[in-house]
Each structure stands twice: as C-alpha cells, then as structure tokens.
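Below you'll find the structure, written out as structure tokens, and then a few comments.
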Amino acid sequence: MARGASLAVSAALALTACSAAVSGSTDRPDPEVTATQPLPGPEDADEGGTRAPSADEEQPSSDTGEPDGPLSDMTVVIDPGHNGGNAEAGEKISRSVPAGPQEKECDTVGAETGDGYAEHEFTWDFSKRLRDHLEAEGASVILTRDDNESVGPCINERAEIGNEAAADAAISIHADGSSSDVRGFHVIAPGMVDGYTDDIVEPSRQLAEDVRDEFHKGSGHPYSDYLGDEGIDQRTDLGGLNMSDVPKVFLEVGNMRNADDAENIRDKDWRERASGAAANGIARYLSRG
Ligand SMILES: [Zn+2]
C-alpha cells in the first residue's frame, strides 16, 4: 500500500478546543478556531512526508507490499489531526459533513501552545514518526493527508480512508487546548451509536486500552486530570469515530496550553519516544489477532 495514499468537568470541556472543535458540539465560539494563524514551529523544518527513497531501495521488502516483520499483514491508518491550510480556508472547513446521526464541521484549525507551536504541525511530525515505527515492524501505513500545507480532509473523509483501506486499526493524532492548569493525555474510544459504531465499539475499546497502557509507560505523560477515566474517554459525538467501520481511537497526547505538556510536545526527542510508545500500543492490539 502506498504511503502517499467520563466524567468531564463541563467548564474544562468547553475550553477543550481540540475536542470541542472536532465535535462541533459547543454553542460558544471556539477560541482556538479564531486564534491567530498558527506559526511554523522553528524546530520543524522537515516538510517531507516520506523518507529518502534510497533507503527503501536497499530494503526490497519495503516497496513490494509484502514487508517483513511482525506486522507484515497489517494495515494501519494514521490521521494527523487538522491541517496547515485550514486557518486560511474558513468557509471550506466550516461546512457541514456527515458525522454520524448529526452533521459537524468539516475540520478545524486546532490548538497551539502558548508560544505558537500549532497542533497541526505537531500532529504531522508525530504521525510521520509513528508511521516510521510501524513500518519498521512491517506494517503498511496510510496517512490521511500528504502534507501540512493543504486543507482538510474533512472528518468523514478521514474516517473513509480507513474504511476503504479496510485498516486493521486506525488512530487520529491530536493535542488538546484546554486551560493551562490541567494536563495529561487521554485516548478517546467510540461510544455506542446505533447504526454507526455498533461494529467497532468493542475492538476500539481494546485498541484504546493498549494504546493507553503503552503510551503511559513510554511517554511519561500522566493520565489526563480533566477528561476521561484513567486515560480513556468514550465519546459519541466525534465524526471521525462515528463514521469509521474499522477499530479506531483518538490519541490526545497532552494539553498544549499546559507548560509541562507543551515542553514535551515541542521536544523532538520526546516526540520520537512517545510516538514509539504509541506504536507499541498499536502493535500490542494487532498482535491479539
Ligand atoms: Zn485536535
């Protein structure tokens, strides 16, 4: 496969830009959507979505579609949340799309750290690292977007990419934008939505637990102290989950507005370590057969 191709405190939830923005369920204007245009992260010059082709040529298995490794029969779809062009495409991303029993916004701008490191920049970098970890184990990996400068795709299209690939697992990568005094990561699993998530609730819960356990161990981030229960939240309002026909979770790696979480999120070494931990969680789920 080509690689191109709870118990939430209500106040905190309202401030949770990332989740609220994705869900589109809040009545109040999302402060992150109207935030200043995201600035490029100074330490993230890498804009390439792929690694050097010469590396692949020296490993024939990489391009044959039959890579070696424990995950060689597995297809994983990674969805890097948001996109760099969204801030300039308000009308396009605010249009309504199918998101389950109701419609939601196509996509959102996402959160950012206090000093302007944008969520879309983070999710793009983290997702490529996650892809590399999984490909090293032999998995076929598809990203839902090819760069960090374009618009969308819409949340339903992001889910559809996983469906069309008949992915063995799918994961959306995000980082939250809540108030600065709360922190930690959580994994969002789909709740039961009749006619939509019936077929994925159970395996997605297992995927969420495996990703939760490994990410907690490898990233050093604590469980969220403002959303979910021991690092797992269950939601029925996210189009990216409701429209999925394959096991899928969202990983919210931390709160970009919290200084401790943001310090890690901005750190390449942490991103490498934490993406490896997420890959271990996905691999653990896939190894269950
Ligand atoms: Zn997000």
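The values are calculated or read from the model by the stated rules, or taken from the named source; none is laboratory data. It should be emphasised that the depicted structure is a prediction, and the values quoted were computed from it without experimental measurement. Positions of Cβ are backbone-derived with ideal geometry, glycine not excepted, and every protein chain shown enters the neighbour counts. Areas reflect the complete protein model, heavy atoms only, side chains present, ligands, DNA and RNA absent. Shrake-Rupley method; radii C 1.70, N 1.55, O 1.52, S 1.80 Å.
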Kindly provide the set of residues from the range 255-281 that are open to solvent by 10 Å² or more (accessible area, probe 1.4 Å) and among the acidic types (Asp, Glu), ordered by number. ASP260, GLU263, ASP267, ASP269, GLU272
Any residue at all in the range 212-219 that is under 14 Å from the mean Cα position of the chain (by Cα) and within 21 Å of ALA279 (Cβ to Cβ)? yes
How do the pairs read when you match residues in the range 105-120 that are within 10 Å of the ligand (Cβ to nearest atom) with residues anywhere that are basic (Lys, Arg) and assigned to a loop (DSSP other than H, G, I, E, B), using Cβ under 8 Å and keeping only pairs 6 or more apart or on different chains? ALA111/ARG257
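Look at ASP229 and say whether it is open to solvent by 10 Å² or more (accessible area, probe 1.4 Å) and either at pLDDT 95 or above or within 16 Å of the ligand (Cβ to nearest atom) (or both). Don't jump to the end; show me each part of the working.
On the way: open to solvent by 10 Å² or more (accessible area, probe 1.4 Å): yes; either at pLDDT 95 or above or within 16 Å of the ligand (Cβ to nearest atom) (or both): yes.
Yes, satisfied.
Looking only at residues that are over 19 Å from VAL246 (Cβ atoms) and surrounded by 17 or more Cβ atoms within 10 Å (Cβ to Cβ) in the range 74-88, which one is farthest from the ligand (Cβ to nearest atom)? It would help to see each step written out before you state the result.
Going residue by residue through the range 74-88, those that are over 19 Å from VAL246 (Cβ atoms) are 82-88.
Checking which are surrounded by 17 or more Cβ atoms within 10 Å (Cβ to Cβ) leaves us with 82-87.
Working: HIS82: 6, ASN83: 11, GLY84: 13, GLY85: 15, ASN86: 11, ALA87: 13 Å.
Out of the qualifying residues, it is GLY85.
Could you check how many residues of the range 137-156 are surrounded by fewer than 17 Cβ atoms within 10 Å (Cβ to Cβ) and not polar (S, T, N, Q)?
3
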Would you say GLU137 is under 11 Å from HIS82 (Cβ atoms) and of a type outside the set (Gly, Ala, Ser)? no
Can you name the residue in the range 235-254 that is in a loop (DSSP other than H, G, I, E, B) and over 15 Å from ALA165 (Cβ atoms) and, of all such residues, is most open to solvent (accessible area, probe 1.4 Å)? THR236
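Only one of these is at negative phi and either of a type outside the set (Asp, Glu) or assigned to a loop (DSSP other than H, G, I, E, B) (or both): GLY114, GLY110, GLY100. Name it.
Numbers: GLY110 fails: at negative phi; GLY100 fails: at negative phi.
It is GLY114.
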